[in-house]
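Chemist: Shown below is the structure under consideration.
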Amino acid sequence: MTMPLPAPENTEISRPYWDALKLGRLVFQRCECGHAWLPARRGCPSCLGDKVQWEQACGKGRLVSWVVYHTAYHDAFKHRLPYNVAIVELTEGPRLITNMVDSHERLACDAAVELRVESDEGIALARFALSPRRDDEQGTGSPARRNRA
Ligand SMILES: [Zn+2]
C-alpha cells in the first residue's frame, strides 16, 4: 500500500487557487500596483497593499529551472522516482513550483511551457508540458493547425 500524498494547504487565502484548478484554470493574485504573484497571500509582497484581485493565467510560460529527485524524502513519492520539481514563470510574471510532465531529458532552461491541470489522487494540480516547437508549426500553411488550441 502506498502512503497518501501530503495534501496541499487549502486555506481561506488559497481557496480561490484550488477551486479554480478544479475547473481546469490557473489563477494568481495581482495588486492594484500591478505586481502579480503566487502562491496566494493576504497582501502584496511588493508594496504591502491589500487591494488584491484574482486573475486567470493564460496558461503559458517558461521553464526557469528544475531538479530531478532520485531519492524520496517522503514515502508517498517513492513509487514516482525519479521525478522532477520545476520552477515555471507564467507569462503574466508569477513563478510557481510545479512538475514538468515531459521526460527529464527533454527539459531545457527558458523552454516555452503550457499548463496541464492534472488530477493527482483527486487533487487538481497545476503541472506544465513543453510547448510544441514553433518550427514544427511553420510551413504547414494550414490555418486549422495554427488555430488548434
Ligand atoms: Zn502592490
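Readers should treat all values here as calculations from the given coordinates under stated rules, not as data from a laboratory. Keep in mind it's a predicted model, so treat the numbers as computed, not measured. Note that we place each Cβ from the backbone using ideal geometry, even for glycine, and neighbour counts take in every protein chain shown.
Chemist: By the scheme Lys and Arg +1, Asp and Glu -1, what is the net charge of all other residues having a beta-carbon under 10 Å from that of MET3? Write down the numbers at each step before the final one.
Modeler: Numbers: positive: LYS78; negative: ASP75.
Neighbour charge sum, excluding MET3 itself: 0.
Chemist: Can you give the extra length, in nm with one decimal, that the chain gains between LEU5 and ALA108 once fully stretched, where that is 0.36 nm per residue apart less the Cα-Cα distance?
Modeler: Length gained between LEU5 and ALA108: 34.3 nm.
Chemist: Once the Cβ-Cβ distance between ARG25 and LEU81 is put in as r, and R0 is 25 Å, what FRET efficiency do you end up with, to the nearest 0.05? Present the calculation step by step, with values, prior to reporting the outcome.
Modeler: Values: r = 30 Å, r/R0 = 1.22.
After rounding, the FRET efficiency stands at 0.25.
Chemist: Report the relative contact order of the chain, percent, no decimals, based on alpha-carbon pairs under 8 angstrom and at least 6 residues apart. Intermediate results must be reported in sequence, preceding the final value.
Modeler: On the way: 247 pairs, mean separation 28.7, N = 149.
Computed value for the chain: 19 percent relative contact order.
Chemist: How much net charge surrounds GLU55 when only the other residues with a Cβ under 11 Å from the Cβ of GLU55 are counted, with Lys and Arg +1 and Asp and Glu -1? Numbers along the way, then the final one.
Modeler: Values: positive: ARG25, ARG30; negative: GLU92.
Local net charge: +1.
Chemist: Let me ask something additional. In terms of Cα to Cα distance under 20 Å, which lysines are near enough to LYS60, apart from those fewer than 8 places away along the same chain?
Modeler: Once the sequence-local lysines are set aside, what remains near LYS60 is LYS22.
Chemist: Can you compute the charge dipole magnitude of the chain about its Cα centre, using +1 on each Lys and Arg Cβ and -1 on each Asp and Glu Cβ, nothing else charged? Give it in debye, rounded to the nearest 20.
Modeler: On the way: 20 positive and 19 negative charges, 53 e Å.
The calculated dipole for the chain is roughly 260 debye.
Chemist: Also: Using the alpha carbons of the chain, what is the convex hull volume per residue in cubic angstrom, as a whole number? If you can, show how the numbers build up before the last one.
Modeler: Numbers: hull volume 21.9 nm³, N = 149.
Cα convex hull per residue, to the nearest whole number: 147 Å³.
Chemist: Right, here's the next one. Distance from the Cα centre of region 54-129 to that of region 1-27, in angstrom?
Modeler: That distance is 15 Å.
Chemist: For LYS51, list the aspartates and glutamates whose Cα falls under 17 Å from its own Cα; do not include residues on the same chain fewer than 8 positions away.
Modeler: Counting by Cα, and skipping residues close in sequence, LYS51 has these aspartates and glutamates nearby: GLU12, GLU32.
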